[in-house]
Amino acid sequence: MKILVIQQKMIGDVLTSSILFEALRQKFPDAQLDYLINTHTYPVVENNPFIDDFIFFTKKEETSKNAFFKLAKSVKHKNYDIVIDVYSKLSSNFISVVSQAKTRISYHKYYTTLFYNYNIKRQKSTDQKAGLAIANRMQLLSPLNIESKSIKPKIYLTKHEIANSKRFLEKYHIDLKKPLYMISVLGSGDNKTYPAPYMAKAIDIIAQQTQGQILFNYIPKQETQAKEIFNLCEDHTKTHIFFNVFGKSLRDFLAITYHCDALIGNEGGAVNMAKALDIKTFTIFSPWIDKATWGLFEDSNNISVHLKDFKPELYTKPEKKLKKETFALYHKFNPELFFDKLKSFLQN
């Protein structure tokens, strides 16, 4: 049996959808299990023991129709028995149909019922701690008689990567016997990034309460934005921040985060990756993102805050419909609202 799972685009989505492979492997131990993903997301599923092979959706396929059609034809030639389209957008719809797999599964949309044998309606709520993002993905396996269960995404680092990152941190005089915090200072976009002055205040609290060592998660092209937050921090806080210590690649970031006591900051891929490494998290949600969907595996070790938690009266319509009002809502999300929760998290 040959099974293809399609999950394009974002790192957090690709990592979250990787749970399907563990469930599929339990049900079909001898099947060929392949994953179609965007190239830049590969580091979060590298070394995953449940995935046999990868098909990469590159920038070439994004910009060239000929390259895209060639990719779709290559999928057809692999003769998959089952295609599970988690992405469920026009590009993946096309690939699914061209694959000619006898069993095609995706989420229900009014225009895709002809493309798939099974069109699964998303749940709108769940009592599972795993969160809706996990629950809805597991539903896609119901046509294969796979029972829905809470499987946590996992990232698989090698011993070599862990040892190298330890040496890297010690080279910059970071003491791994003392508290070490990774701060997700920037989100995946401006409308998912907590305002710089507010983030600086939160970092001040971390430094004051823990006297710990602080790292910023950013890439070189984001240095100016990260530096703005650094400059807004109090002088005492700055002495705790190792601003120039960051991962040059996504795998480097993962290996460095492995040694941290917690990751704190903007909701997004970095938080999902930290959870997959069993690192504690404190997440600040953007006002327009649905916490019920992406508040994954929340417990005493994984806490999140959302403006809706403190000012529910502002939410007279679903979060997604407030996207255009993000910045006005962020302004109302003063960090003092959640300081007690943050202090309690740090203490525990």
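The values are calculated or read from the model by the stated rules, or taken from the named source; none is laboratory data. Treat the numbers as computed from the prediction; the structure is a model and nothing was measured. All Cβ positions, even for glycine, are placed from backbone atoms using ideal geometry, and neighbour counts span all protein chains on display. Surface areas here come from the heavy atoms of the whole protein model, side chains and all, with no ligands, DNA or RNA. Shrake-Rupley method; radii C 1.70, N 1.55, O 1.52, S 1.80 Å.
Farthest toward the dipole's positive end in the chain, which of LEU232, SER286, ALA101, given Cβ charges of +1 (Lys, Arg) and -1 (Asp, Glu) about the Cα centre?
Positive-most Cα among the choices belongs to ALA101.
How far is it, in nm, from the label point at ASN47 to the one at ARG122 when both lie 7 Å from their Cα along the line to the Cβ?
Result for the modelled spin labels: 3.3 nm.
With a cut-off of at most 12 other beta carbons within 10 Å, and DSSP calling the residue loop, which trypsin sites (Lys or Arg not before Pro) in segment 173-282 qualify? Please list them.
Qualifying residues, ordered by number: LYS177, LYS248.
Which of LYS89/LYS320; LYS149/LYS275; LYS109/LYS152; LYS65/LYS121; LYS59/LYS221; LYS227/LYS308 have a Cα-Cα distance over 21 Å?
Flagged as over cut-off: LYS109/LYS152; LYS65/LYS121; LYS227/LYS308.
Give me the percent of the accessible area of the chain that comes from carbon and sulfur atoms, probe 1.4 Å, all protein chains in place.
Carbon and sulfur: 51 percent of the exposed surface of the chain.
Taking a probe of 1.4 Å, how large is the accessible area per residue of segment 193-335, in Å²?
I get 42 Å² per residue for this part.
Work out how much length LYS59 to SER300 would gain on full extension: take 0.36 nm times their residue separation and subtract the Cα-Cα distance, in nm to one decimal.
Values: separation 241, 0.36 × 241 = 86.76 nm, distance 4.02 nm.
Result for the pair: 82.7 nm of gain on full extension.
Using modelled backbone amide H atoms (1.01 Å from N, in-plane), which distant-in-sequence or interchain residues come within less than 5 Å of ILE120's amide H?
Amide H to amide H, under 5 Å and 5 or more residues apart or across chains, ILE120 pairs with SER106, TYR107, HIS108.
So how much slack lies between PHE243 and TYR110, counting 0.36 nm per residue of separation and subtracting their Cα-Cα distance, in nm?
That pair, PHE243 and TYR110, stretches by 43.0 nm at full extension.
What does the charge dipole of the chain about its Cα centre add up to, to the nearest 20 debye, if the Cβ of each Lys and Arg holds +1 and the Cβ of each Asp and Glu holds -1? It would help to have the intermediate numbers written out before the result.
Values: 49 positive and 35 negative charges, 211 e Å.
Dipole of the chain, to the nearest 20 debye: 1020 debye.
Note down the Stokes-Einstein diffusion coefficient of the chain in µm²/s, whole number, using a Kirkwood radius over alpha carbon pairs, 20 °C, and 1.002 mPa s. Before the final figure, lay out the partial values.
Values: Rh = 21.4 Å.
Stokes-Einstein gives a translational diffusion coefficient of 100 µm²/s.
Return the whole-Å distance between the Cα centroid of segment 110-173 and the Cα centroid of segment 217-248.
30
Check the straight Cα-Cα distances from LYS280 and name the aspartates and glutamates below 18 Å, setting aside those fewer than 8 residues away within the same chain.
Answer for LYS280, where 18 Å is the Cα cut-off: ASP261, GLU267, GLU298, ASP299, ASP340, listed by chain and number.
ILE120: net charge of surrounding residues, Cβ under 12 Å, Lys/Arg +1, Asp/Glu -1, itself excluded?
+4
How much length, in nm to one decimal, is gained on full extension between LYS321 and ASP30, taken as 0.36 nm per residue of separation minus their Cα-Cα distance?
Numbers: separation 291, 0.36 × 291 = 104.76 nm, distance 4.45 nm.
Length difference between fully extended and current span is 100.3 nm.
Provide the per-residue ³J(HN,Hα) series for segment 293-302, in order, calculated from phi with Karplus coefficients 6.51, -1.76, 1.60 and θ = phi - 60°, each as a whole number of Hz, with x at glycine and proline positions.
Whole-Hz 3J(HN,Hα) from phi for segment 293-302: 7, 9, x, 7, 6, 7, 7, 5, 9, 10.
For segment 47-151, with every protein chain kept in place, what is the accessible area per residue (1.4 Å probe, Å²)?
Working: 5920 Å² over 105 residues.
Here the residues of segment 47-151 average 56 Å² of exposed surface.
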